[in-house]
Amino acid sequence: MAEDADNKSTDLPGVRPSGANGLSGSLVGQSQLEGLPIFAHREAILEHVRTYRVTHIQGETGCGKSTQVPKYVMEDAMNHGEEPKIVVTQPRRMAAVSLARRCAAELGEELGKTVGYKISGDSVSGKLCFATTGFLLQVLVNQPEEFGTYSHIILDEVHERSVDADLLTMLLRLLMQCYIKVKLIVMSATLQAEVFARYFASLEGRYLDQGAGEALPVKPLFVGVRTFPVDVIFLDELEAHFQIAGGQARHGLEIALEGFSKGSKAKGKSKGKKGDRGIDGAASGFLRSEPKLVEGLDWVCKELVQQMAQDKCTLVVFLPGIADITAFYETLSPLESREQGRGLALRIFAMHSMIPREEQEEVFRPPPAGTCHVVLASNVAESSLTLPSVSGVIDMSLRRSLEYDPRRLISCLVTTWCSQSSCKQRSGRAGRTMPGRAVRMVTRAFFEDEMIEFDPPDMLSAPLTKLFLQAKQLCIKLKHIQEKGIIPKGIDVQLTSPTVLLKQLVSPPATELVEAAITELSDVGAVDSNHEEALITPLGHICMALPCELRLCRLIYFGLMLNCAPDAIAMVAAITAADPFAAPTLLLLKDEREYCRKLERSFDARLRCDAGRHSEPLMLRELFMHWVDAGAPRGKAMGPFSRTWNVVPKKLEAVATEAVDLSTRLLKLLKPGTLGHISVQHFLATMCFKVDPREEITTCNFPSDSVYSKLFCQDIKLMRALLALSFSDQLLFHLKPRWDASCGKKRKEEQMVARMAEQKLDYSGTVCIMQPPTKLRDKGDEDATQENIQRLCQALCGEAAKRTFWDDWEKVLYLDFVGKKKGGPDKARQGPESILNDALPQVHRCHQFSAGRWRFNVECLLQAGGSESEEVLEIVRPIQPFLITWDVLQRSERSEGEELIKKPGKVQAMPDWRNPLGFACDVRPELTPAREHLAVCASIQGLESGQTALVAGVTVLGMNYFPFLLPTLDPGRWKLQWGFNGQTHEIHAVRLLHMEIQLPPETITGEVLRKSNILRTKIREALLPADVSKGGKGSNASAAVFLNIPDMRREMADFLDEIWDEPYPVRQAKRISWGHGAEDACEARERLPQLRPLEDTLCEVNEVRLTKKQIKEQNKALLAMQQKEAARRPPAEPPEYVKKSELKVGDRASLTVKYGDHKGQYAVRIVGIEEKGLKIQHEKDGYEEVVKQRDIKSGKLSIHAAYCNSDCACFALILIESDPSWLMAAALPALDQVV
């Protein structure tokens, strides 16, 4: 059924699952189909369809409308001698495929004979075709004449009111005036009958010959399911039906009722209070009460669950988001450990789009005897999923949704009150199979008087960038069919501009949203100016063709220009799809130790793919490259690969599906034989697909040659430049992280660094817990306190700390997972392309345990007073003094004259906590001031508090890479200014809006600006609208043309030669004079003004200096000379103990430490033999050190050479001390073989 579909299909195009080409299992019996509620209305539906052009059908989830109505219409048309061609739209890919299979099975036919489906990247023909809303919209926007070939069009699930659905509805109404024989059927679970009836009323008058001006609205047909009675109880009626005991539940009920009292008129933003359990306050401005969960409401829910639970039934608790689900789960989870009255056991489940359905299959099975399921769900369970035996619903009447901010041009995740129809839809989950009860956690007066009747359509709050492009393209296409005479003369079709066309929508968008869409399209380069008359650029055509965000389309476009298309497509596919790595959660894993082990495996896989680059797109690209190197396995063959890289097979296949879809769409835009077309074809072949001459995708064998190994770029510097070019308007900065103590009072981070130095704690291996729980302390026994702390460490990251320190004065607990202070950066952890010197994995895992929450609970067995007890500790999220904190550079509020009227507040960026960037540190205590950093990201999603934002696809860039932004940076939008050193007249700083950025010396020079302007000119010429097949610049006459993608590799290579690989320390200038970064736009409607040349006229420096390229060549020559001299020198004589031990490079050994805090035995490997002694590497953390002769002689250290005979499974240890003749054998059998 459509209601059981997920958002994305994990089936790869061209690969038919079992049953797809035959019958999908056993056929559904006729008696079973006649038992559906829709069957009783069959004749009424068909009579209405024959009489009217538009039919409205309203039926609740489960009535059978999605599968039966299309078959009814097809069978009736064929019985009347007609040859029907029917298309049924679905909002999701998986829904379209699953419904097609279901209908084919009910007809007893193979898929493709009568029933088919069409989704992006895959299609099966049939006279009854299921398609996604977006697919049909794309077909009709580019080929409006195709509409006349259909006999019936069925719009399903129109109540979701997505942007694509509303645009398709408008387009259908417009085309139905041209093709009078096509009929439309609109189906929904909660249809806004009056709205759609009025919208299509004019079609009925013309169809029934009642005159063009007469409107004849048609009432909808209701085909609802047979239901049992459901008692609806509101917040102010709880005490009449339930017993709410004292304590936290009573307190929560009183606070909630107080918020809905008539005298309460709270408005504005709430910063959240203690007890909100990680739930942000809402920026509602909505009616009387703020939409948020108040303190204690989870305890009220706990009381209700215990009293509403029934045997073999399900309770559904509707909550806004994942943070609220987690908070309520912690409150309700103790109920699982004890049986309720009448011997009833409770099972708590969480349901959210972030939790894969395959990991929660049990919740979809009927509860067994003696059990009641309690499901904590977001609005995903409102209409998309069907749960068995629901007897009760607890509805918080809240939802989290994205709202677009046209001032800042970003989407914000906000909590709002649900509509009345949404609440009724949730209550309808109960009463399907038995009488039920629904509790709404709002007062009856608030529900009836204040809550809106229907949810507003996405058109009123979503970004309209893609919509504007489609409307502009539609205007061009409709003008063509108007010129052909297809549109009758008596029909008034307004095609003057996209804005006029958009006013014909069911719910026209606000003017400011349309203007914001044009501004954003102009900033990105999808249109050539910031005006409604702007022309669509080649990048704009790619944006229309690809189902991804604008900046991801720009990444693919620049990837084509740099001949890195496979890299760009892989990164875009992985960013667009769900995270392919396994992500454990305590909502599914009941055992915290198992959760800790899976966290370690997941982070280790992410760390290996990241390779120290600190870039989420490059991390996902690396995973994709490993998958291709493994032969692009799928299905059961994915098993070994998924275990090695700790990925979820279905999620990785979804990434591959996305990559195939993007590649096939892109091939239609590229001219065959060009460099980009060839590379995309090869990339598609590595995923075992190809496009045949009919432009249909088919399977092929994995390439046997080595072409696939050369597809991906190995130049990480070029990859960083590509990402910076694409995301140059989404910037993150880490500025002024630490300053000199002479500047005044030390910050908290500086105090921590000083305390770590005093206690000789390792900077990279130490994590700090603020306000540690006092339960850890056993005042009478210090050993018990240390044992409790170590148990907490084991619970957090699965490993004991080597040293701990409790700072009573500052109330900070230091956990050191290394124990020995090591000097210098850890090169093994950094990697060859590292920018940050990150902390140890144990530090990251302590942070990951919190799952992104500020406060979280940890179950721990503690010692106190000589006894042990299980305690729940509340922990504040761990911190690290060298933690990188990112600030978002956001657009300022402007007046009509585009002058700054208000400096924007600071917005802290929150990367994905599961990745290495989620707790990235730059551990360089020797640098003062500390190094500042720059980053770009693929998307920014604001939160309702206004002070934080979720960022995805983050890539860290050092300040030496700031020039990467210059080829696409808009100097007008960001008010770019150069800061000149008053003494040397060099560019010493950059100002973007309100933010001043100090740059390392020689970062931006005249040569850098000259070459960046060459790139800007190249990109500007490439983006000027043009048609290869028809006309020259600016014609925009045809959509079915090949894009001309110029080659930019040579210009980029020259530009990269001017960029330093390592940043020099920043020197503070005594005086800085500011100058404009670029001249103002010359014309009011200049084309692509954001790419006008930067100001590159700089004062000449008197001092004669080498260019960066010359300095790099000089450094390479110097390094080669040093290596040659080192090779000529005779090898140094190692110490005596090394000669006697006969140890060689590569041997495994065991190091014994006999003094200090680090006594014990350590597994090591010999990595080198030096003049001072053996150079060893610890196998546990990769730390390298040299075992010196004096330590061996003094008896402080000893090293054991470990030999292993795999055939006889025995070993021997040779201990080299002051008396190397001492031999200790640990396996007496076969000792002679070992020796």
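The values are calculated or read from the model by the stated rules, or taken from the named source; none is laboratory data. Only a predicted model underlies this, so the values are computations on that prediction, with no experimental measurement involved. Please note: Cβ atoms are built from the backbone with ideal geometry, for glycine as well, and neighbour counts cover all protein chains shown.
Details
- Extreme residue, farthest from I45 (Cα to Cα), among residues of the range 92-107 that are aliphatic (A, V, I, L, M) and either assigned to a loop (DSSP other than H, G, I, E, B) or within 35 Å of the chain's Cα centre (by Cα) (or both): M94
- When the range 113-170 is filtered for residues that are under 13 Å from Q470 (Cβ atoms) and among the β-branched types (V, I, T), the ones remaining, listed by number, are T133, V139, V141, V163.
- Helices (runs of 4 or more DSSP H) completely within the range 595-709 that count 3 or more residues being of a type in the set (S, T, Y) and touching a strand residue (DSSP E or B) at 6+ places or on another chain (Cβ under 7 Å): none
- Of all residues assigned to the range 433-442, at least one qualifies as being over 30 Å from G946 (Cα atoms), hydroxyl-bearing (S, T, Y) and touching a residue at least 12 places away in the same chain (Cβ under 8 Å).
- Among the conditions (1) assigned to a helix (DSSP H, G or I); (2) closer than 19 Å to G108 by Cβ, the only one that I45 does not satisfy is (2).
- Any hit, the range 80-91, residues being part of a helix (DSSP H, G or I) and within 26 Å of V691 (Cβ to Cβ): no
- Among (1) under 30 Å from V158 (Cβ atoms); (2) in contact with a helix residue (DSSP H, G or I) (Cβ under 7 Å, 6 or more places away or on another chain); (3) aliphatic (A, V, I, L, M) - the single one A516 does not satisfy: (2)
- The set of residues in the range 424-437 being surrounded by 24 or more Cβ atoms within 10 Å (Cβ to Cβ) and not charged (D, E, K, R) consists of G428, A430, G436.
- Applying a threshold of 8 Å to beta carbon distances and a minimum spacing of six or more residues, or different chains, the list of pairs starting in the range 839-852 at a residue that is over 18 Å from T326 (Cβ atoms) and ending at one that is modelled with pLDDT of 90 or more and polar (S, T, N, Q) reads A839/S764; A839/Q880; L840/S764; V843/S764; V843/T766; V843/Q880.
- Residue check, A570 assigned by TED's automatic domain parsing to the domain that holds T657, under 19 Å from T686 (Cα atoms), in contact (Cβ under 8 Å) with a residue 24 or more places away in the chain and in a helix (DSSP H, G or I): yes
- Candidates F603, F581, F558 - the one that is in contact (Cβ under 8 Å) with a residue 12 or more places away in the chain, on the phi < 0 side of the Ramachandran plot and touching a His at 6+ places or on another chain (Cβ under 7 Å): F603
- Within the range 416-424, not a single residue is closer than 25 Å to L950 by Cα, in a helix (DSSP H, G or I) and not charged (D, E, K, R).
- Close pairs from the range 657-673: first closer than 11 Å to I569 by Cβ, partner of a type in the set (S, T, Y) and crowded, with 22+ Cβ neighbours inside 10 Å, Cβ under 8 Å, at least 6 apart: D661/S120; R665/S120
- Scanning the range 988-1012 for residues that are farther than 19 Å from A1053 by Cβ and either among the basic types (K, R) or in a strand (DSSP E or B) (or both) returns H988, A989, V990, R991, L992, M995, E996, I997, Q998.
- Residue satisfying all of: in the range 108-132; closer than 20 Å to Q68 by Cβ and of a type in the set (S, T, Y); farthest from the chain's Cα centre (by Cα) among these: T114
- Considering the range 840-864, and only residues there that are in a loop (DSSP other than H, G, I, E, B) and not aliphatic (A, V, I, L, M), the residue that is farthest from L599 (Cα to Cα) turns out to be W854.
- For the range 307-405, the strands (runs of 3 or more DSSP E) that sit wholly inside it and include 1 or more residues that are closer than 20 Å to S421 by Cα, modelled with pLDDT under 85 and of a type outside the set (G, A, S) are 398-405.
- Here L167 fits the description: assigned to a helix (DSSP H, G or I), at pLDDT 75 or above and farther than 19 Å from Q58 by Cα.
- Per-region count, the range 513-551, residues touching a residue at least 60 places away in the same chain (Cβ under 8 Å) and more than 23 Å from R1092 (Cα to Cα): 7
Every residue, every condition in (1) basic (K, R); (2) over 27 Å from S1012 (Cα atoms); (3) surrounded by fewer than 22 Cβ atoms within 10 Å (Cβ to Cβ), yes or no:
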| residue | (1), (2), (3) |
| --- | --- |
| E926 | no, yes, yes |
| E932 | no, no, yes |
| S939 | no, no, yes |
| E944 | no, yes, no |
| V951 | no, yes, no |
| L957 | no, no, no |
| P963 | no, no, no |
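- Candidate set from the range 48-71 (those that are outside any helix (DSSP H, G or I) and in contact with a Phe, Trp or Tyr (Cβ under 9 Å, 6 or more places away or on another chain)); member that is surrounded by the fewest Cβ atoms within 10 Å (Cβ to Cβ): G64
- Scope the range 429-462; condition at pLDDT below 85 and of a type outside the set (F, W, Y); matching residues: R429, G431, R432, T433, D455, P456, P457, D458, M459, L460, S461, A462
- Tally, over the range 1143-1173, of residues that are of a type outside the set (V, I, T), touching a Gly at 6+ places or on another chain (Cβ under 8 Å) and over 25 Å from K760 (Cβ atoms): 1
- Residue pairs whose Cβ atoms lie under 9 Å apart, sitting 6 or more positions apart in sequence or on different chains, and linking a residue in the range 238-249 that is closer than 15 Å to L297 by Cα and touching a residue at least 12 places away in the same chain (Cβ under 8 Å) to a partner that is of a type in the set (V, I, T) and assigned to a loop (DSSP other than H, G, I, E, B), are L238/I244.
- Any hit, the range 913-920, residues being at pLDDT below 90, more than 23 Å from E403 (Cα to Cα), not in a loop (DSSP other than H, G, I, E, B) and not assigned by TED's automatic domain parsing to the domain that holds D1054: no
- Pick from the range 714-737, criterion surrounded by 19 or more Cβ atoms within 10 Å (Cβ to Cβ) and in a loop (DSSP other than H, G, I, E, B), ranking: modelled with the lowest pLDDT: P737
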